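Chemist: Got a structure here, written out as structure tokens. Questions coming.
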Amino acid sequence: MENEVVLLDLWASMFGMRVRIALAEKGIKYEYIEQDIWNKSDLLLQMNPVHKKVPVLIHKGKPICESLIAVQYIDEVWNDRSPLLPSDPYQKSQARFWADYVDKKIYDLAKKVWARKGEEQEAGKKEFIEALQLLEAELGDKPFFGGDKLGFVDISLVTFYSWFYAVETIGNFSIESECPKFISWAKRCLQKESVANTLPNSERVYEFLLDAKKRLGIE
Amino acid sequence: MASSSDNEEVRVLGKWASPFSNRIDLALKLKGVPYNYSEEDLANKSLDLLKYNPVHKKVPVLVHNGNSIAESLVILEYIDEVWNNNNNHAFLPQDPYHRALARFWCKTLDDKILPAIWNACWSDEKGREKAVEEALEALKILQDELKDKKFFGGETIGLVDIAANFIGYWVSILQEIAGLELLTIEKFPKLYKWSQEYINHPVIKEGLPPRDELFAFFKASAKK
């Protein structure tokens with residue numbers, strides 16, 4: 001039943017995209033309800049009273065908040081197909097560690113590039129590239145962070161790729177020239193239907209970000 | 001007694017005063033797993049720390065079978081998954097929804113609740129009022145989640161209880177030093193009661209650092 005799985009989300013949210021990719025990987029049908037984050041719905045506030053954020057996955061009426069927690073939940077409930085996390089506890093811990101690294105670093109460093117100017121922005125660009133290069137080193141020669149297949153870390157990270165054009169344009173720099181391996185990994189992920197059907201058009205994201213900056217009073 | 005071969009050795013690199021590091025001590029003690037502990041000096045990082053946690057260069061780090069795992073919440077889940085036979089106390093329930101809830105509260109503790117309380121305890125006069133308001137809000141949402149349960153994990157200590165060691169033990173010390181009343185029996189009776197159950201739990205009690213030493217440590221930091 002479609003109503004059994006509901007997703008409250010924002011089309012441009014790289015966090016929400018993670019949940020959409022996971023649902024697609026597992027072939028789960030769901031009802032998608034677009035949220036206006038500038039005018040939060042009663043449903044969103046009721047389902048995520050603590051953080052009041054998207055995405056929120058609702059399964060059989062019960063909300064699961066925080067994108068990586070929702071992805072793990074999806075993996076555990078629909079555990080008969082397309083595993084997203086390794087079964088070995090050590091490999092699983094490494095996948096969680098790197099997804100946590102993405103969560104701690106990538107959004108904030110990208111924001112330093114799109115929200116700041118001058119020296120702060122330059123520092124942000126440098127740190128952002130360094131973080132991506134660290135991830136490139138972790139990827140090594142593997143096609144995906146998950147090995148031969150898309151896994152938890154790939155899903156946690158590839159969604160940021162849809163924001164690269166916006167970040168590059170605002171920051172006036174090229175990510176590909178510093179991190180070619182990262183870009184080729186992202187393009188490899190995009191060959192998968194679940195990713196290609198989820199990531200939005202980069203120019204649309206750029207426009208969204210410009211609008212968001214205005215609303216937040218960031219020049 | 002366990003052999004001392006590399007393969008079976010469990011090692012923790014930590015800092016005695018750190019609640020994040022202490023989570024790992026509590027977890028291993030709850031599971032009855034013997035381990036070797038090394039106290040790390042973060043002002044003078046050891047080669048081992050840099051080797052086992054090159055990304056963040058922080059504690060705690062768990063080393064098991066020659067493999068290293070960093071980030072306390074990641075380590076806790078690893079410990080729960082590896083030492084999971086019937087005699088060992090499970091930190092997470094089996095049901096995926098309740099597992100998701102436990103993970104949510106651990107993350108909310110780290111992202112929102114701990115920082116709010118920490119900020120309040122170290123705030124200067126200018127920011128104090130707002131910081132205290134946020135800390136009290138954070139404690140309220142945590143108490144609302146506890147409801148009438150003995151522990152966040154139900155009848156027994158769970159993942160959230162382990163992660164909430166800062167709330168159960170550190171807060172009382174820090175608020176005293178700061179001259180604040182945050183977690184008190186009057187303001188948060190249920191959460192306060194939980195904190196008393198927690199610090200009197202036979203295993204937790206043995207695993208927490210001594211109160212007077214912790215007090216002295218943070219008092220000295222406050223003077224700087």
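Chemist: Could you tell me how many of the residues in the stretch B:114-142 are closer than 16 Å to B:T184 by Cα and within 14 Å of another protein chain (Cβ to nearest Cβ)?
Modeler: Number satisfying all stated conditions: 7.
Chemist: Moving on. For the stretch B:34-45, indicate whether the set of residues that are within 30 Å of A:E130 (Cβ to Cβ), within 13 Å of another protein chain (Cβ to nearest Cβ) and crowded, with 17+ Cβ neighbours inside 10 Å is non-empty.
Modeler: For the stretch B:34-45, residues within 30 Å of A:E130 (Cβ to Cβ), within 13 Å of another protein chain (Cβ to nearest Cβ) and crowded, with 17+ Cβ neighbours inside 10 Å: absent.
Chemist: While we're looking at this one, here's another question. Where in the stretch A:140-194 are there helices (runs of 4 or more DSSP H), lying fully within it, with 2 or more residues that are in the same structural domain as A:R204 (by the TED database) and either at pLDDT below 95 or among the acidic types (D, E) (or both)?
Modeler: The helices (runs of 4 or more DSSP H) meeting that bar are A:175-178.
Chemist: Got at least one residue in the stretch B:177-196 being under 14 Å from the mean Cα position of the chain (by Cα) and not assigned by TED's automatic domain parsing to the domain that holds B:I75?
Modeler: yes
Chemist: So the check is Cβ under 9 Å with 6+ separation or different chains; which pairs have a first residue in the stretch B:123-137 that's under 16 Å from B:L174 (Cα atoms) and at pLDDT below 95 and a second one that's assigned to a helix (DSSP H, G or I) and of a type in the set (D, E, K, R)?
Modeler: B:S123/B:E129; B:S123/B:K130
Chemist: Just to be sure I understand, how many residues within the stretch B:35-82 are under 28 Å from A:I69 (Cα atoms) and free of Cβ contacts under 8 Å to residues at least 40 places away in the same chain?
Modeler: Selection size over the stretch B:35-82: 15.
The values are calculated or read from the model by the stated rules, or taken from the named source; none is laboratory data. Nothing here was measured: the structure is a model prediction, and the numbers come from that model. Note that each Cβ is placed from the backbone with ideal geometry, even for glycine, and that neighbours are counted across all protein chains shown.
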